[in-house]
Amino acid sequence: MSSSMTAYDALASVPGWDAASTQIDELEGGLTNRTYHVRLDEKECVLRIDADHTSTVLADRSCEIEILKKAGEAGVAPRVVYSDIDRGVLLTEFLPEPVWQEADLENPDYIEALADVLRRVHALPLCELQVDLNLSARRYEEGLQARHGLHDFATRCVDIISSIPGRDTFVCCHNDVVAGNIIGLTPARMIDWEYAGDNDPLFDLASVVGYHNFSKQRAQHLLSAYAGGTDSELEEYLAEQLRLYDAIQWLWLAARHLVSPNHKQAVRLEELQQRIR
C-alpha cells in the first residue's frame, strides 16, 4: 500500500540512488499523490508516490507515463528519471523555475507563452487513449448517488456533457491546464500530467479559461495567440468546450469534496452551479 511507503522506501527502489544520503522535503500534494523534493549530491528530482485515493480518481497511470516521457523529450515537461506504475512511484527531474500564479495569466506575455506550450503539447504523438468524458461523468455521478443534494445537479452535468457533440479532432492533451501546473516562461513547461490523453485541443484552452474565470477578452486573446488569428468558428467551439469543462469540473470537484471537504471547494461548487446552464 502506498500509504505505508515512505519516501526513503520509494527511493531505495531506484537503481543507483542512495536513499539514505538523500535530503527529502515534502511538497504540498493533492488528492492523488504525495510529492517530495529530493536532493542527492548534484541531483535534484521530484518524487511522487500515489496516495490511497489514487485508484478511485485515476484508473491507469500507464498513459500518463507514456505521454510524460515523450513530453520530457520534447521539452514541454520534466524528464522522467524512473517510474514504477505497480508501486505508484514516479521520479522526475526538478525544474527550478517558478510555478505560475493566477495573477500571471493577466500578463499578455504569459498568455503568449501558454499558447506556445499548448501548441507544442498538441504536437506530441497521440497516445491512442482517447479521453471519454461521458464515461468519466457517469462514474463521478455514480459516486455521488448517496448525496442527494449533489447527485441531482450531477445528473444535470452528465446530461450537458452528453449533449455536446464531438469534433473528432483529437490531439495529445494535458487536460488539466491551470496556472499551478505551468513552470517557467522561456520556455514554459507543464507538470502534473495525471489526466493526459487524446482529446479535443480546445479542451485544454477551455480548462484554463474556465478554471481561472477568464474574461471574454482574455479568452479571445488566448485563442487568437494559439490559433494564429481570430476565428469565429473556433470561438464557438471553445464556448462549447468551456461548457463541457465547467460540467466535468463540477463533477470532479464534487467527488473530491466527498473525500476531502473544505469551505473553498464548497464555494467553488456553488459558483460553478450558478454558471452552468
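No lab work stands behind these numbers, since they all come straight from the coordinates. Keep in mind the model is a prediction, meaning the values are calculated, not measured. Note: ideal-geometry Cβ built from the backbone for every residue, glycine included; neighbour counts use all protein chains shown.
Structure summary
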read-out: Burial ranking of peptide ranges 61-68, 8-15 (average Cβ count within 10 Å, highest at the top); value: 61-68, 8-15
read-out: Part-to-part distance (alpha-carbon centres) for the stretch 186-208 and the stretch 135-170, which is given in Å; value: 21
read-out: Neighbour-count ranking [beta-carbon atoms within 10 angstrom, fewest first] of Leu222, Leu27; value: Leu27, Leu222
read-out: Shape of the stretch 172-242, Cα gyration tensor, a/c cut at 1.5; value: prolate
read-out: The chain: C-alpha gyration tensor shape, a/c 1.5 cut-off, then a/b vs b/c; value: oblate
read-out: Size of charge dipole - the chain - debye, nearest 20, with Cβ of Lys, Arg +1 and Asp, Glu -1, no other charges; value: 480
